[in-house]
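First up is the structure itself, then whatever we jot down about it.
Derivation of every value follows stated rules applied to the coordinates shown; laboratory data play no part. Because the structure is a prediction, the values reported are computed rather than measured. When we count neighbours, we look across all protein chains shown, and the Cβ atoms used for this are built from the backbone with ideal geometry, even at glycine.
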Amino acid sequence: MLNGPSHARYDHRCRARDLHVRCPRCHGRALATKDSEQGQSVLISELAGTWDVADWQVRCDSCPYRTSGLAFEALPALFYRLAAGGVELWAYNRDHLEMLGRFLEGRDVDHHPYGWLATYAHKDWLTKKNRSALARAVGAALHLE
Ligand SMILES: [Zn+2]
C-alpha cells in the first residue's frame with residue numbers, strides 16, 4: 001500500500017484561501033471565499049478545521065451573480081486554466097498563476113506568498129518543452145487583463 005496512514009500527513013493537500021472561478025452566469029471571473037477563513041493566511045491546509053465547512057460564497061466581478069453556502073465540490077470550475085504544449089495548467093487564483101509563471105521561467109519563488117504551491121507543480125508542466133510554452137501562455141494570460 002503506497003499511501004498508508006503514516007505517509008498521509010506528509011502528503012496532505014493545500015489550497016489557496018481565495019479562489020478565482022468561472023461565473024456560471026456570465027463566464028467572467030468570480031471570487032470564491034469562505035467566511036470561516038477570513039483573516040487566515042493565503043494558503044489553507046486540509047488539516048485546518050475549516051477545510052470541509054460548506055460556507056463558500058461566490059461573487060462575480062462582472063455581473064450580479066452571488067451565491068453562498070457551497071461545499072468545495074459544488075464550486076464552479078477554476079477560472080485560470082490554460083493549455084500549451086499539449087498540457088493544461090491551472091491556478092487557484094491570479095496571484096497563484098503569477099507565481100507559476102515566475103516558477104516556469106526559473107525565477108525564485110521562495111518568498112512569493114504562493115511559493116509553497118510550487119511543490120505541487122505537475123511534472124508535465126516542467127518538461128523542457130512544456131515549461132517554456134506554458135511560461136509564455138501564463139505571461140500572455142496575465143498581460144491580457
Ligand atoms: Zn458573472
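Per-residue Karplus couplings for the range 27-43, computed as 6.51 cos²θ - 1.76 cosθ + 1.60 with θ equal to phi - 60°, are listed in order as 6, x, 8, 10, 9, 10, 9, 10, 4, 5, 10, 4, x, 7, 5, 6, 10 Hz, Gly and Pro entered as x.
For the chain, a crude dipole built from +1 on the beta carbon of Lys and Arg and -1 on the beta carbon of Asp and Glu, taken about the Cα centre, is about 460 debye to the nearest 20.
Converting phi to 3J(HN,Hα) with the Karplus coefficients 6.51, -1.76 and 1.60 and the offset θ = phi - 60°, the range 118-124 yields 4, 5, 8, 4, 5, 4, 4 Hz in sequence order, with x at every glycine or proline. Our coupling estimate for the range 80-90, obtained by passing each phi through the Karplus curve with A = 6.51, B = -1.76, C = 1.60 and θ = phi - 60°, is 8, 9, 9, 10, 7, x, x, 10, 10, 10, 10 Hz, Gly and Pro reported as x. Would you mind checking which residues have amide H under 5 Å from Y80's amide H? H placed 1.01 Å from N; only 5 or more apart, or other chain. Hits under the 5 Å cutoff: A91. Ranking L19, W116, L82 by Cα position along the charge dipole of the chain, where only Lys, Arg, Asp and Glu carry charges on their C-beta atoms, puts L82 farthest toward the positive end. List the trypsin sites (Lys or Arg not before Pro) in the range 42-145 that DSSP assigns to loop (not H, G, I, E or B) and whose Cβ has at most 16 other Cβ atoms within 10 Å. Which are they? Sites meeting the loop and neighbour criteria: R107. Using only side-chain charges placed at the Cβ, +1 for Lys and Arg and -1 for Asp and Glu, the dipole size of the range 76-129 relative to its Cα centre rounds to 180 debye.
Selection among G139, G106, L126 by position relative to the dipole of the range 105-145 gives L126 as farthest towards the positive end (Cβ unit charges, Cα centre).
The dipole here belongs to the range 5-74: it is taken about the Cα centre, uses +1 on the Cβ of Lys and Arg and -1 on the Cβ of Asp and Glu, and is about 280 debye.
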